[in-house]
Amino acid sequence: MIRFPVKKLSFRTWLQIIGIWTFVSVSMGTQMYLNSKQGNPDAVWLNFVLKQLPTWFLCAMLTPVVMFFYEKFPLDTPEWKSNAIKQTATAIIILAFFAHPRLWAMSYIVNRDIRNISSDEYLNLYLSQMAWDWAIYVFIVAIFFADKANRKRKENELRNRELENQLNLAQLDALKWQLNPHFLFNTLNTVNSLIRTEQYPLAIQANARLGDFLRTTLYAEPRQFVSLQKEMEFLDLYLNIEFLRFRDRLKVKKDISRESLDIEVPYFILQPLVENAIKHGIAKQIEASLLSIRTFVESDYLTLNIYNEGELLPENWEISKSKGIGLMNVSTRLAKTYGENHTLEVCNHESLKGVLVTMKIPR
């Protein structure tokens, strides 16, 4: 579609204008050539096209004028009624001058000499030509009106998408940083527990590892996504703290495919899932319990499995009914980030007597 650089038409816009009217010239010339060829087998197609060029190139000259007055009196404003009247009056004045050269150009096409016709006959031809040119004028205005409305709609859609994206990013930031104090409080409880049981060296280690974790997260470059490898490094910092708390009761098994390490995942997405597995599974067991973390790539999706031994979920349990911050937070973040193009399932693993979390996201 042609744009509206009225004050100074770009070279590209001129090419568009000339190209459109050249196409009309070729189409009209071809039609006349096919009609004439039946009675004149020697008719030359190029001659018919060349005859069409002058009259339609006059329309090409008219187009920027229409563009100018369309912008001056737009029809997509509250004043469209008065602007329509102004445009109509302007069009009549312009076409009153424009119809003369167009009439001579059209007479050249049909091989008619209008130099010696009567004034009444010329007036009839002139008014007929003016009516035909009025239709062309309205056609040009309609094209620009539709184009401007379409561009305005696309601009509104783009602006709405940008606003929606900004809102989603703000909400994701809020969700992401909601986890930090949640994790911090839980870790401080671990430190307090170690102090109450007079395990001072372990409490000091836990405090130091908490400092490492906070330095890594707080001073990291703000990003919505990180590589899975980076996310696993964050997770290791967290697990190092939990190892101090549970020691021999926590067994961790990792099966991370190399192919998955460079895939980007939402920042800080695994820690709340692992914390949830430890809190509701490992922490309630007296004997040593397994926490398994597995990743693999299948088709265009990255799948992450987090399994913990321990109590099974109640019957008819659903994520939406979960009261924990971490799991609901992860579910909300995934929905805002990927829409429906993701999977988050939490279910009982009957054969292994534990709970399995499966997260599948596009790679």
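The values are calculated or read from the model by the stated rules, or taken from the named source; none is laboratory data. What you see is a predicted model; the values in this text were computed from it and never measured. Using ideal geometry, Cβ is built from the backbone for each residue, glycine included, and neighbour counts are taken over all protein chains shown.
In segment 71-83, which residues are in a helix (DSSP H, G or I) and exposed (fewer than 14 other Cβ atoms within 10 Å of the Cβ)? Break it down into steps so the answer makes sense when it comes.
Of segment 71-83, the ones in a helix (DSSP H, G or I) are 71-72, 80-83.
Those that are in a helix (DSSP H, G or I) and exposed (fewer than 14 other Cβ atoms within 10 Å of the Cβ): LYS72, TRP80, LYS81, SER82.
Using the structure shown, decide if PHE68 is over 22 Å from SER107 (Cα atoms), among the hydrophobic types (A, V, I, L, M, F, W, C), out of contact with any strand residue (DSSP E or B) (no Cβ under 8 Å at 6 or more places or on another chain) and surrounded by 14 or more Cβ atoms within 10 Å (Cβ to Cβ). Full working, then the answer.
Working: over 22 Å from SER107 (Cα atoms): yes; among the hydrophobic types (A, V, I, L, M, F, W, C): yes; out of contact with any strand residue (DSSP E or B) (no Cβ under 8 Å at 6 or more places or on another chain): yes; surrounded by 14 or more Cβ atoms within 10 Å (Cβ to Cβ): yes.
In short, yes.
Look through GLU242, GLU264, GLU298, GLU259 and report the one residue that is surrounded by 16 or more Cβ atoms within 10 Å (Cβ to Cβ) and closer than 23 Å to ASN341 by Cα.
Details: GLU242 fails: closer than 23 Å to ASN341 by Cα; GLU298 fails: surrounded by 16 or more Cβ atoms within 10 Å (Cβ to Cβ); GLU259 fails: surrounded by 16 or more Cβ atoms within 10 Å (Cβ to Cβ).
Testing whether each residue is surrounded by 16 or more Cβ atoms within 10 Å (Cβ to Cβ) and closer than 23 Å to ASN341 by Cα leaves just GLU264.
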Exercise. Would you call ASP76 under 23 Å from VAL26 (Cα atoms), of a type in the set (Asp, Glu) and under 47 Å from the mean Cα position of the chain (by Cα)?
Worked result: no
Exercise. In segment 339-363, how many are in a loop (DSSP other than H, G, I, E, B) and closer than 21 Å to ARG258 by Cα?
Worked result: 1
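Residue by residue, here is whether (1) aromatic (Phe, Trp, Tyr); (2) under 26 Å from LEU75 (Cβ atoms) holds:
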| site | (1), (2) |
| --- | --- |
| LEU95 | no, yes |
| ARG102 | no, yes |
| ARG115 | no, no |
| SER119 | no, no |
| TYR126 | yes, no |
| VAL141 | no, yes |
Seminar exercise, completed: Pairs returned, first residue in segment 133-155 that is assigned by TED's automatic domain parsing to the domain that holds LEU58, second residue that is among the polar types (S, T, N, Q), beta-carbon separation under 8 angstrom, 6 or more apart or interchain, are ILE140/THR63; VAL141/GLN87
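Starting from residues that are assigned to a helix (DSSP H, G or I) and at pLDDT below 80, keep the ones in segment 105-123 and report whichever is nearest to GLN52 (Cα to Cα). Even if it seems obvious, please write down each step before you answer.
The first filter runs over segment 105-123 and keeps only residues assigned to a helix (DSSP H, G or I), leaving 105-109, 119-123.
Subsequent filtering for residues that are at pLDDT below 80 retains 105-109, 119, 122.
Numbers: ALA105: 8, MET106: 8, SER107: 11, TYR108: 9, ILE109: 6, SER119: 26, TYR122: 21 Å.
Once the filter is applied, the top-ranked residue is ILE109.
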For this session: For segment 36-50, indicate whether the set of residues that are of a type in the set (Phe, Trp, Tyr), part of a helix (DSSP H, G or I), free of Cβ contacts under 8 Å to residues at least 24 places away in the same chain and surrounded by 19 or more Cβ atoms within 10 Å (Cβ to Cβ) is non-empty.
Result: yes
